[in-house]
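I have placed the structure first, in the form of structure tokens, so that the comments after it can refer back to it.
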Amino acid sequence: MNGPQVRVRTPKDLRRDRRPHPHSCWDQLVVAPLWPLHGVNLGTLLRTCDAVGACLAVPRLPWVPEALERGNTLRHPACVHWTGNRVRWLERQRDRGSTVVGVELAEESVRLGDLPAARRRTVVVLGHEQTGIPPEALDLLDVTVEIPMVGTGASLNVAVAGSLVLYRLAGLL
Ligand SMILES: C[S@@+](CC[C@H](N)C(=O)[O-])C[C@H]1O[C@@H](n2cnc3c(N)ncnc32)[C@H](O)[C@@H]1O
């Protein structure tokens with residue numbers, strides 16, 4: 001039986017469809033893995049940020065700049081914001097009128113499928129790979145979103161979870 005003919009797009013086809021230059025800082029959608037543990041997850045999130053037109057906000061921990069440099073497999077610099085004190089940074093985001101969305105397995109969470117695309121500046125907060133979003137930051141969230149799971153694992157990889165939510169908020173899914 002013959003299926004439909006599939007022609008996989010070549011790198012040249014893809015380049016024609018993409019932006020010729022990286023997006024400048026639109027600063028409308030910002031993903032914030034504020035308690036990172038594994039550098040590789042920051043690299044994965046950078047790729048998603050480029051794909052959806054988002055920025056990455058990270059604390060300046062000693063190992064983070066090098067992890068970002070190693071993880072940025074794109075050929076141009078990514079849009080990175082440095083936070084300083086994480087809780088104060090989150091407070092400032094709220095003060096400037098941003099919506100702060102926490103990605104977390106929480107009783108109050110809305111399901112990813114019910115999360116509307118972002119209509120104003122939105123900050124997406126991700127939790128620590130082992131302990132989640134700390135209590136002092138949970139108080140600063142406007143809403144939490146959970147990605148439904150039916151498998152045996154307790155949670156998703158943090159970069160996968162963040163990427164799914166970014167796609168949804170960017171209106172690309
Ligand atoms: C490995 S999980 C943390 C595990 C768990 N919160 C804990 O305290 O043991 C790391 C982060 O990934 C995100 N995450 C992973 N799976 C998720 C899911 N199904 N829905 C929403 N967020 C998820 C959250 O940001 C979470 O804080």
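Here, each number is a calculation from the coordinates, and none is a lab measurement. None of these values were measured; they are calculated from a predicted model. All Cβ positions, even for glycine, are placed from backbone atoms using ideal geometry, and neighbour counts span all protein chains on display.
Taking GluC sites (Glu not before Pro) as exposed when DSSP calls them loop and at most 15 other C-beta atoms lie within 10 angstrom, the chain has its longest site-free stretch at 1-106. Screening the chain for DSSP H helices whose Cα atoms reach 15 Å or more along their own axis and whose mean Kyte hydropathy is at least 1.6 gives 158-169. Taking each DSSP H run with n ≥ 4 as -39500 (n - 2.57) and averaging over every residue of the chain yields -9000 deg cm²/dmol at 222 nm. Taking amide H atoms as placed 1.01 Å from N in the peptide plane, the amide H of residue 29 lies under 5 Å from those of 55, 122, each 5 or more residues away in sequence or on another chain. Here's how it looks for residue 125: its modeled amide H is under 5 Å from those of 32, 101, 102, 103, which are all 5 or more places away or on a different chain. Exposure here means at most 12 other Cβ atoms within 10 Å; with trypsin sites (Lys or Arg not before Pro) in a DSSP loop as sites, the longest stretch of the chain lacking them is 121-173. Considering only 29, 149, 79, and ranking their Cα positions along the charge dipole of the chain that arises from unit charges at the beta-carbon of Lys, Arg, Asp and Glu, the one farthest toward the positive end is 79. Over all projection directions, the Cα-based convex hull of the chain averages an area of 12.7 nm². Legend: calculated FRET efficiency, residue 106 to residue 63, from the Cβ-Cβ distance at R0 = 30 Å, rounded to 0.05, equals 0.55. Think of each Lys and Arg Cβ as +1 and each Asp and Glu Cβ as -1; about the Cα centre, that makes the dipole of the chain roughly 1040 debye. Spin-label model, residue 74 to residue 6: label points 7 Å out along the Cα-to-beta-carbon direction sit 2.7 nm apart. Taking every DSSP bridge with both residues inside the stretch 28-169, close to 5 percent are antiparallel. Loop exposure criterion: chymotrypsin sites (Phe, Trp or Tyr not before Pro), DSSP state outside H, G, I, E and B, at most 12 other Cβ atoms within 10 Å. Applied to the chain, the longest stretch between such sites is 64-173. With R₀ set to 22 Å, the beta-carbon distance separating residue 21 from residue 121 gives a calculated FRET efficiency near 0.45.
Between residue 13 and residue 142, the modelled label-to-label distance comes to 3.9 nm, taking each label 7 Å out from Cα in the direction of the beta carbon. The residues neighbouring residue 122, those whose beta-carbon lies less than 13 Å from its own, together hold a net charge of +4 under the Lys/Arg +1, Asp/Glu -1 convention.
Would you mind counting up the charge near residue 139? Only other residues with Cβ under 12 Å from its Cβ, with Lys and Arg at +1 and Asp and Glu at -1. That works out to -2.
Overall, the stretch 75-173 carries a charge dipole of about 620 debye about its Cα centre when +1 sits on the Cβ of Lys and Arg and -1 on the Cβ of Asp and Glu, all other atoms neutral. Considering only alpha-carbon pairs that sit under 8 angstrom and 6 or more positions apart, the relative contact order computed for the chain is 26 percent.
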